[in-house]
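Asker: One structure is given below, represented as structure tokens, and several questions about it will come after.
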């Protein structure tokens, strides 16, 4: 008799045959609430005992396979005519796995760095959006971050349906993209979110393509050299810190009366003061050891509870109800002042009733501070509001300048998730060959210093994914970098402009599309809080190109220029609804999360269009006047008698206002091919 189980870790011995028989197991993404692509070829796979027969049933479709010598098996489902569901799926082998609430619809991979990773909770109008986000046909799978040196077979994560309890943790771009598709198509939409902040495209590219691409091979070789040298460098740094702490009298001398700090109760008149959360986030300007305590009341014992926070540096210890649940170790650090995010599972230590969470913050040099502390209780975010308690344990006086000069230098280690091939290994390879419609991508910031090489690296990554997925030239739609940093008072070169150009050049690949974001950025924040326009602009591309909807999906794109009578006549494609000069605002956004604005000083105050620059043979760029004439833009300057080149939006944070009639911004461009400032950057 087969046994039914939801726990996939079991094995038993068949003594007569001398073989090991294991239960059928599935990758994490083949699980409750999953979305399967409506397609004729939908792979479904797992592991079992070698030679074991496995049967997969979905609705009225039944497919069987036999596990190979390594225990791997795969079936291919035809879901091209399937209803949406939901269905209960059954997988039968030595055991039986029942997967409830399976739907068939449209699956998209959402990947990139922090702007794709950015969660809905931290975006513009998040509160109202989350409150109205009940949508069981919009689903999200978050791939847990990992960066192994070898290709992995599985990921960690789970599917969740959209609701006010879950959507705050969705990728915001993916959420708005999926919501738009789901609303237009009326079918289930699944977003597989595999993203990691601060990572370059080469981290998401396979070893095969990396070794075959000289630009990427050079980076990979550097990664390997760093990884080889890293253990010795880290040990040297650790030993140097220990010696420096001893020399300067800054060793951690933990109190012998720790219960008076982390115990169930503390005496309020013995040095403890009450502080608001803002004071905790501000931290202490004095070095040494500071404790923070927070009481949390659980009506019932939590089924699951995790803590997420960012520590500013130093060495922290975390206690729950007096039990040590986390302790940073000096030997693990490469920089004593490095900020790092910590995620802790507190489920086993939590109790019903009053719980006491205590943080011991030891910082031998610099301020004592943490930021963004948050609990997640039974799948719901629980911010730490209200009153905290604070008490210093030990104060250290600032070392002399001479002593500071002898502090060991941090280990410069740029691999980790940034290392070539590592994120492909851990966060793309395990997904192969999950059936999906296409991919959306928001990345490029981490490559901006090497923008010229991105011309090769980015299309190489896209081609690499397509080859590995085996689904042909599937749609791949990406975001152009938003405007960021201070505005330029004079036209000049920009690595961000060159990165945007490299992104635009990638449109030469089949089935690609670009969402231009030159109008949603913030000068002082690399993470624009407006993710709704981002997701919806990407969705426009998909609706038009993949789903046959009559939707304008692109703003004006440069198509040619000619020079006549001291003026440039620039032509465009994607001018649906005509070219439009949107009003130039009086202010610019510095940081929307802090409500910071600043006056916007126009470069061409009397011009209909902002953002154009022009030059003659001397390559001396000046701001230009520009106006719309039909389907073209006329560009000129009284100081350039014979212009030879034009640029538009060519800055890290340009002021520009050219749109089409569908309110989509024109993509930045240049008509020249003058040498790039990042051409030799490695």
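Asker: Looking only at residues in segment 237-282 that are in a helix (DSSP H, G or I) and free of Cβ contacts under 8 Å to residues at least 60 places away in the same chain, which one is nearest to residue 333 (Cα to Cα)?
Answerer: 239
Asker: Inspect segment 348-368 for any residue being over 26 Å from residue 255 (Cβ atoms) and at pLDDT below 90 and give the result as yes or no.
Answerer: Taking every residue of segment 348-368 in turn, none turns out to be over 26 Å from residue 255 (Cβ atoms) and at pLDDT below 90.
Okay, residues lined up against (1) within 30 Å of residue 136 (Cβ to Cβ); (2) surrounded by 15 or more Cβ atoms within 10 Å (Cβ to Cβ); (3) in contact with a strand residue (DSSP E or B) (Cβ under 6 Å, 6 or more places away or on another chain):
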residue	(1), (2), (3)
195	yes, yes, yes
202	no, yes, no
206	no, yes, no
214	no, no, no
223	no, yes, no
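Asker: Looking at segment 71-90, which of its residues are within 12 Å of residue 59 (Cα to Cα) and not in a loop (DSSP other than H, G, I, E, B)?
Answerer: 77, 87, 88, 89, 90
Asker: Of all residues in segment 593-619, which are outside any loop (DSSP other than H, G, I, E, B) and under 19 Å from residue 656 (Cα atoms)?
Answerer: Those that are outside any loop (DSSP other than H, G, I, E, B) and under 19 Å from residue 656 (Cα atoms): 597, 598, 599, 612, 613, 614, 615.
Asker: Just to be sure I understand, how many residues within segment 169-188 are farther than 25 Å from residue 426 by Cβ and buried (at least 20 other Cβ atoms within 10 Å of the Cβ)?
Answerer: Residues flagged as farther than 25 Å from residue 426 by Cβ and buried (at least 20 other Cβ atoms within 10 Å of the Cβ) within segment 169-188 amount to 6.
Asker: If we scan segment 289-298, do we find a residue that is over 25 Å from residue 352 (Cα atoms), at pLDDT 90 or above and surrounded by 17 or more Cβ atoms within 10 Å (Cβ to Cβ)?
Answerer: Scanning segment 289-298, I find at least one residue that is over 25 Å from residue 352 (Cα atoms), at pLDDT 90 or above and surrounded by 17 or more Cβ atoms within 10 Å (Cβ to Cβ), so the answer is yes.
Asker: Can you tell me how many residues within segment 44-69 are in a loop (DSSP other than H, G, I, E, B) and at pLDDT 95 or above?
Answerer: 8
Asker: Then there is this: Could you list, in sequence order, all residues of segment 163-180 that are under 19 Å from the mean Cα position of the chain (by Cα) and either under 17 Å from residue 546 (Cα atoms) or not in a loop (DSSP other than H, G, I, E, B) (or both)?
Answerer: 167, 168, 169, 171, 172, 173, 174, 175, 176, 177, 178, 179
Condition check ((1) surrounded by 15 or more Cβ atoms within 10 Å (Cβ to Cβ); (2) touching a helix residue (DSSP H, G or I) at 6+ places or on another chain (Cβ under 7 Å)) across all residues:
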residue	(1), (2)
35	yes, no
54	yes, no
92	yes, no
96	yes, no
116	yes, yes
123	yes, yes
128	no, no
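Asker: All but one of (1) in contact with a strand residue (DSSP E or B) (Cβ under 7 Å, 6 or more places away or on another chain); (2) surrounded by 14 or more Cβ atoms within 10 Å (Cβ to Cβ) hold for residue 264; state the number of the condition that does not hold.
Answerer: It fails just one condition, (2).
Asker: Now a separate question. Within segment 235-252, can one find any residue that is touching a strand residue (DSSP E or B) at 6+ places or on another chain (Cβ under 8 Å), over 30 Å from residue 392 (Cα atoms) and buried (at least 20 other Cβ atoms within 10 Å of the Cβ)?
Answerer: No, because not a single residue in segment 235-252 is touching a strand residue (DSSP E or B) at 6+ places or on another chain (Cβ under 8 Å), over 30 Å from residue 392 (Cα atoms) and buried (at least 20 other Cβ atoms within 10 Å of the Cβ).
Asker: Right, here's the next one. Of the residues 561, 584, which single one is in a loop (DSSP other than H, G, I, E, B), within 22 Å of residue 622 (Cα to Cα) and either without any contact (Cβ under 8 Å) to a residue 40 or more places away in the chain or in the same structural domain as residue 658 (by TED's automatic domain parsing) (or both)?
Answerer: Selected residue: 584, the only one of 561, 584 that is in a loop (DSSP other than H, G, I, E, B), within 22 Å of residue 622 (Cα to Cα) and either without any contact (Cβ under 8 Å) to a residue 40 or more places away in the chain or in the same structural domain as residue 658 (by TED's automatic domain parsing) (or both).
Asker: Output the strands (runs of 3 or more DSSP E) that fall wholly within segment 415-515 and possess 3 or more residues being assigned by TED's automatic domain parsing to the domain that holds residue 601 and either at negative phi or in contact with a strand residue (DSSP E or B) (Cβ under 7 Å, 6 or more places away or on another chain) (or both), or say none.
Answerer: none
Asker: In addition: Taking segment 294-332 on its own, how many of its residues are out of contact with any strand residue (DSSP E or B) (no Cβ under 8 Å at 6 or more places or on another chain) and either in a strand (DSSP E or B) or closer than 20 Å to residue 253 by Cβ (or both)?
Answerer: Selection size over segment 294-332: 2.
Asker: Since residue 385 meets every condition but one in (1) over 28 Å from the mean Cα position of the chain (by Cα); (2) loosely packed, with under 12 Cβ neighbours inside 10 Å; (3) more than 30 Å from residue 230 (Cβ to Cβ), which condition does it not meet?
Answerer: (1)
Asker: Check whether at least one residue in segment 181-196 is in a helix (DSSP H, G or I), farther than 21 Å from residue 85 by Cβ and touching a residue at least 12 places away in the same chain (Cβ under 8 Å), and report yes or no.
Answerer: Checking segment 181-196: not a single residue is in a helix (DSSP H, G or I), farther than 21 Å from residue 85 by Cβ and touching a residue at least 12 places away in the same chain (Cβ under 8 Å).
Asker: Select, from 186, 179, 234, the only residue that is in contact with a helix residue (DSSP H, G or I) (Cβ under 8 Å, 6 or more places away or on another chain) and modelled with pLDDT of 95 or more.
Answerer: 179 is the lone residue from the list that is in contact with a helix residue (DSSP H, G or I) (Cβ under 8 Å, 6 or more places away or on another chain) and modelled with pLDDT of 95 or more.
The values are calculated or read from the model by the stated rules, or taken from the named source; none is laboratory data. Bear in mind that the values here come from a model prediction, so they are computed numbers and not experimental data. Quick reminder, even Gly has a Cβ in these numbers, built from the backbone with ideal geometry, and neighbours come from all protein chains shown.
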